[in-house]
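Have a look at the structure below before the remarks.
The values are calculated or read from the model by the stated rules, or taken from the named source; none is laboratory data. Predicted, not measured: the structure shown is a model, and the values here were computed from it. Here the Cβ is made from the backbone with ideal geometry for all residues, glycine too, and neighbour counts use every protein chain on show. The accessibility values were calculated without ligands, DNA or RNA, using every heavy atom of the protein model including side chains. Shrake-Rupley method; radii C 1.70, N 1.55, O 1.52, S 1.80 Å.
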Amino acid sequence: MPKVTVDGIEVEVPNGATVLQACEMAGKEIPRFCYHERLSIAGNCRMCLVEVKPGPPKPQASCALPATDGQEIFTTTEMVKTAREGVMEFLLINHPLDCPICDQGGECDLQDQAMAYGRGASRYDENKRAVTEKYMGPLIKTFMTRCIHCTRCVRFSEEIAGVDEIGALYRGEDMQITTYLEQAAKHELSANVIDLCPVGALTSRPYQYEARPWELEKTLSIDVSDAVGSNIRVDSRGREVLRVLPRNNDDVNEEWLSDKARYQCEGLVRRRLDKVWIRKAGKLQQATWQEAFQAIAAANPGNSIAAVAGDLLDCETMFAAKRLLGAMGSSLIESRQTGMAYPVDNLAAVNFNSTFAGIEEADAVLIVGSHVRWEAPLVNVRLRKAAKRGAKVFVVGPYWDPTYPAEFLGEDAAVLHDLPDHVAEAMQGAQRPAVILGGAGLVAGALQPALALAEQWNLVREGWNGFNVLHMAAARMGALMLGFAQKGGLADLVDAKPKVLLALGADEVDFGRFEGSLKVYIGHHGDKGAHAADIILPAAAYTEKHGTYVNTEGRVQFADKAVFAPGEAREDWTILRALADTFGVSVGLDSFDELRDAMIAEVPALGLDGLADYGSLPKADATAKASGSIVYPIKDFYLTNPIARSSPTMQVCSAELLHGEQILEAAE
């Protein structure tokens, strides 16, 4: 490992490190615009200039210069200071004075570095260049006159997202960044270029002119749009969530976020349930909490009561529901709304055991019944990294564009029992083979055959477990850990014909199967569940309560409360606590802390800050067979949950990006 000296401080750096990285290891701040830790090196902004000896007597771009043994690096000499001032002066030659109206104001790298490293005044008197606005879709607002040609957006689209949609036209001062034929950017991670842009050239179209960063209350939370559990920051003002940004977590989402996770928050203030409703003579009528509880009590369910948990629920709500039903003598609880019924006695068999970071190391991957790009876009980013390192990827299921080389083996799940020889050879010969089983694969009965393949290919070995199930619901693993599931799935609840059915944010259930039950919907949006309900009790959304979530790799994470629920809506666990009094049973939970302590006492793994240990894989049932055409459950990436379906931006994305509809502006 080479040793270098940075401003008199000797540091040892890894082989292959750059001078910029060496300076940062020595605690020195190096300005930059084009350089980004997760992107390839471009070396085109020249802001990271330093003086290096031995070497030519001129400043050098530290981002593109390898650190070698014995180098002396100087970051504060007069030469470096003058060079950086010159670079900043050139960058500002054509940059407009938009700071008062620019959405990047207060979070702008160019602003910060102009103050820290720039000259006091400009010597440029010529006219500034102007570039026409480019249309990049409903999410990205462009002001290309501000662009400094750092090319971060281009490199992100090509290298991370794997979609070559953004590039450059012309040369020199005439260079322009644009999308292909000026069409919308259509991939699921497109809005990450907004975070990457160091100036105000690419900003958020839905958030335009909404707020300044210093006005916002910032809350750490967890995304519930899929089962990845992306770490997010919720920015709110008053009682309204204005935007959601990614937080850096290398083990989960790195620093990226899917477009749905970022923009579904608009739906939090639309189509909200903020009052109690009771259905009378076929029509929902406004009521009071007391009237609703009296109507539920009048059903006198005894132990004939069931609960179905939705996909966005926190663990505390499900535990409170389980405790309530247990006190009433019922065990009719289920979280798999659409009717899936796979064994849940060993959670290692339904967990993403390789972990997200670990799947990057796989050298052969078999995906069964999963449209990974829609079900978990950030897992697809990890698989793309594995493919770029040489991993062979095979897919059982209908075709989708994975953004990396992959061989599709067929749409029938029976292919698992007769895989081509080259697939079996690749999996058996791999050092780190992996199988990823999606929801469509579970429905097709592929769990046991996949476990059999895991034994045959030795997927579990020292330091590696290559058997993975990719869930789509943020609540799924937490629900399974709490035992919120029946052996026969939702069918067991239907067969029991409960007098009262509690739908806890459950919007994907076929409520027609519960025709004789009193359907009580406890949720936050007027979606499918509310339309079918006899009684509606307004509850809090994920940003309006504290909660524990477990992602598909078994990682336990905690989200904080950002804003208060609107109107008469209450946190879910308080509604369930009040129902306990209505039914005359004791649950012993009078505060959120008591609830959480009781939950952790029953399931200690939910008190962890990290990955839960589910033990070893079970033995496969050799007699089980997978069969039938695989049908992916997600038909529209942008509209998979009630919050997203209520978001105007997600509706526009669905119409324009997926269905090709032309969205006209008001003036048109």
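Tell me the GluC sites (Glu not before Pro) within the range 127-234 that lie in a loop according to DSSP and have at most 14 other beta-carbon atoms within 10 Å.
GLU133
As a calculated quantity, the FRET efficiency between GLN431 and LEU97 at R0 = 60 Å, using C-beta atoms, amounts to about 0.60. Length, then width, then depth: along the principal axes, the Cα atoms of the range 17-90 run 33, 29, 22 Å. Solvent-accessible area assigned to carbon and sulfur over the chain amounts to 49 percent, based on a 1.4 Å probe.
Looking at the chain, the accessible area is 41 square angstrom per residue; that uses a 1.4 Å probe and ignores ligands, DNA and RNA.
Show me the ranking of peptides 437-449, 576-588, 342-354 by mean Cβ neighbours inside 10 Å, starting with the highest.
Descending packing order for the listed peptides: 437-449, 342-354, 576-588.
Among the GluC sites (Glu not before Pro) within the range 219-324, not one is in coil by DSSP while having at most 13 neighbouring Cβ atoms inside 10 Å. Over the chain, DSSP H runs of length four or greater, each weighted -39,500 (n - 2.57), average out per residue to a 222 nm ellipticity of -6500 deg cm²/dmol. Straight-distance candidates among the lysines for linking to LYS499, with alpha-carbon spacing under 16 Å and chain neighbours fewer than 8 residues away dropped: LYS519.
Of the trypsin sites (Lys or Arg not before Pro) found in the range 1-92, those that fall in a DSSP loop while having at most 16 other beta-carbon atoms within 10 Å are ARG38.
Residues within the reach of a label modelled at GLU661 (point 7 angstrom out along Cα to beta-carbon, backbone nitrogen below 15 Å), restricted to the range 99-140, are 138. Summing Lys and Arg as +1 and Asp and Glu as -1 over all other residues whose Cβ lies under 9 Å from the Cβ of ALA562 gives a net charge of -2.
Which pairs break 29 Å Cα to Cα here: LYS385/LYS619; LYS260/LYS528; LYS260/LYS283; LYS528/LYS561; LYS28/LYS186; LYS186/LYS561?
Violating the 29 Å limit, Cα to Cα: LYS385/LYS619; LYS260/LYS283; LYS28/LYS186; LYS186/LYS561.
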